[in-house]
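Asks: Sending over a structure as structure tokens; questions will come in a sec.
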Number of protein chains: 2
Amino acid sequence: MATPAAVMKLYGWAISPFVSRALLALEEAGVDYELVPMSPQAGDHRRPEHLARNPFAMVPVLEDGDLTLFESRAIARHVLRKHRPELLGAGAGGSLERAAMVDVWLEVEAHQLSPPAVAIVVECFAAPLLGRERDQTVVDENVEKLRKVLEVYEARLGECSAGTSPATSSASPTSAPSPSCTASWPPSTPPPWSRRSRASAPGGRASPRAPRPRRWRSSYRSARPDCWSTLPNNRIDA
Amino acid sequence: MATPAAVMKLYGWAISPFVSRALLALEEAGVDYELVPMSPQAGDHRRPEHLARNPFAMVPVLEDGDLTLFESRAIARHVLRKHRPELLGAGAGGSLERAAMVDVWLEVEAHQLSPPAVAIVVECFAAPLLGRERDQTVVDENVEKLRKVLEVYEARLGECSAGTSPATSSASPTSAPSPSCTASWPPSTPPPWSRRSRASAPGGRASPRAPRPRRWRSSYRSARPDCWSTLPNNRIDA
């Protein structure tokens, strides 16, 4: 009788957007996994047993049998390569061209989209929790950067909406910069980076709720773009 | 008679570390390519024809037949996946485990090694060229961050030097943060981030030399580490 495969273990705290990225990939892959909770307040990430998993003292860490991985994007790639390779442009129906286009947009997320998004989240969520005032100048600068990046995304989405089939998604599971922030967003309130929001929230304090991983799956599956890897190249007319 | 494959075209200026990363992958792959020179001073990257290649107005851009790619790490992945897949832990002899470990260390380069290295380069090279003083506090902070990252690399290299074969490299071609800075380094002078270097270079001005891509190939092949993907996991004892 074959030995059943060990369930993957993910170490970390789900409120972390980096852990969320890994959770999202696990959910998208539809595999069984165990989230091993850790406490940043208790310094769990600095204990020897965790440093043996990740020498940079960060979360998440994935254990998949004998394999121990860190860096959330590498974890997401591994999970998808193993269980949903088509989402990386590989496997059946994949090609060098599709894989390359997925890579391009994963890199865009990492180096164009994520930095301003993280800066906004830090100012709007972390700063008040750390007892300092939000620096609105930093927020405004990064909202402007994010706006320009999203304009490119918008053009890209508009370009591919006409000519692609709704068959596959691709870069979305690993490209969410901060799913924990959007998944728990109260839709009836203004976003916390707006000046109006600051005025309506005395002291600038936010109450980030823990993400609900099981909800991502359905919301992502209905919202995910289908076009990152389906066009032959990424030309966008200026 | 078969049509010969079109030579890949790489757009950009070779002094850019991002262009250097793509050049390094092309050299490592041993393929023919054409470097199409552009001028940042002339604003070539903001012209419509380049925005059609990369909407973020950045270099490098790779044209490979009908495929147009940007983001240097995505370009490097594509070149290696196409011509040297074993360097990404794939192809003959590859495995999910090897590919995952390559991904981990590529992400470590992108998010742990590169940011402090770039910050140091900006202060030591770009700041004087932009007519402002180097901020030594920023340099010192990032040298300390870089030191900690390199300690992890050192431990990793020490761990794998005993038990691995010198058969393959992997993450090195895409993980060089700023090859143009190291490839052209005068070995007899102190590094520019040291205080002594600042004192010995009045005005803090540096004279960065253009990289010499053809030299990278031999220097990288002799120096590249063999161990990023050859261990079953990345445990490092704390």
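The values are calculated or read from the model by the stated rules, or taken from the named source; none is laboratory data. Quantities reported herein were computed from a predicted structural model and do not represent experimental measurements. Glycine gets a Cβ as well: all are built from the backbone with ideal geometry, and neighbour counts include every protein chain shown. Heads up: the accessible areas ignore ligands, DNA and RNA and are worked out on the full protein's heavy atoms, side chains in. Shrake-Rupley method; radii C 1.70, N 1.55, O 1.52, S 1.80 Å.
Asks: Extension gain residue A:57-residue A:141, at 0.36 nm per residue separation less the Cα-Cα distance, in nm?
Replies: 27.2 nm
Asks: Could you work out the local net charge near residue A:113, counting Lys and Arg as +1, Asp and Glu as -1, over the other residues with Cβ closer than 13 Å to its Cβ?
Replies: So the surrounding residues net to +1.
Asks: Related question: Could you pull out the GluC sites (Glu not before Pro) across the range A:70-135 that fall in loop regions by DSSP (anything but H, G, I, E, B) with no more than 16 other Cβ atoms inside 10 Å?
Replies: Counting only loop positions with at most 16 other Cβ atoms within 10 Å, the GluC sites (Glu not before Pro) in the range A:70-135 are A:133.
Asks: I've got another one for you. Mind checking B:96-102 for the average number of partner chain beta-carbons within 10 Å of each residue's beta-carbon?
Replies: Averaged over the peptide's residues, the number is 5.
Asks: Oh, and also: Can you give the average number of partner chain beta-carbon atoms within 10 Å of each beta-carbon in peptide A:81-88, as a whole number?
Replies: Rounded to a whole number, the mean comes out at 1.
Asks: Give me a single rounded figure for A:145-156: the average over its residues of other chain Cβ atoms within 10 Å of their Cβ.
Replies: Mean number of neighbouring Cβ atoms from other chains: 1.
Asks: So, one more: Would you mind giving the total buried accessible surface between chains B and A, with a 1.4 Å probe and ligands, DNA and RNA left out, rounded to the nearest 100 Å²?
Replies: The contact between A and B buries close to 3800 Å².
Asks: Can you name the chain B residue with its Cβ nearest the rotation axis from B to A, and give the distance in Å as a whole number?
Replies: B:110, 3
Asks: Shifting gears a bit: Which residues, if any, in the range B:10-53 lose at least 30 square angstrom of accessible heavy-atom surface (probe 1.4 Å) when the other protein chains sit next to their chain rather than the chain being alone?
Replies: Residues meeting the cut-off: B:52.
Asks: While we're on this one: Net charge near residue A:5, counting Lys/Arg +1 and Asp/Glu -1 over other residues with Cβ under 15 Å of its Cβ?
Replies: Here the count lands on -4.
Asks: Relative to the present Cα-Cα distance, how much length would full extension add between residue B:36 and residue B:159 at 0.36 nm per residue of separation?
Replies: That works out to 40.1 nm of additional length.
Asks: Sorted by accessible area with a 1.4 angstrom probe, largest first, how do B:103, A:32, B:44, B:140 fall?
Replies: Putting B:103, A:32, B:44, B:140 in descending order of accessible area: A:32, B:140, B:44, B:103.
Asks: If we count every other residue with Cβ under 13 angstrom of residue B:154's Cβ, Lys/Arg +1 and Asp/Glu -1, where does the sum land?
Replies: Here the count lands on +1.
Asks: Step through the residues of the range A:128-139 one at a time and calculate ³J(HN,Hα) from phi using the Karplus curve (6.51 cos²θ - 1.76 cosθ + 1.60, θ = phi - 60°), rounding each to whole Hz and writing x for Gly and Pro.
Replies: x, 5, 8, x, 10, 6, 5, 8, 5, 4, 4, 4
Asks: Give the lysines whose C-alpha is closer than 28 Å to that of residue B:148, dropping any in the same chain fewer than 8 places away, or say none.
Replies: A:9
Asks: Could you work out how far the C-alpha centroid of the range B:107-131 sits from that of the range A:15-69, in angstrom?
Replies: Centre-to-centre (Cα) distance: 29 Å.
Asks: Separate question: Between the label point of residue A:37 and that of the same position in each other copy, find the distances and list them shortest first in nm, with every label point placed 7 Å from Cα along the Cα-to-C-beta direction.
Replies: 6.2
Asks: While we're on this one: Starting from the residue with the highest accessible area, list A:121, A:59 in decreasing order, probe 1.4 Å.
Replies: Correct descending sequence by accessible area is A:121, A:59.
Asks: Then there is this: What shape does the range A:1-149 have by the C-alpha gyration tensor, where a ≥ b ≥ c are the square roots of the eigenvalues, rounded means a/c under 1.5, and otherwise prolate means a/b greater than b/c and oblate the rest?
Replies: Oblate is the answer for the range A:1-149, as a/c is 1.5 or above yet b/c matches or exceeds a/b.
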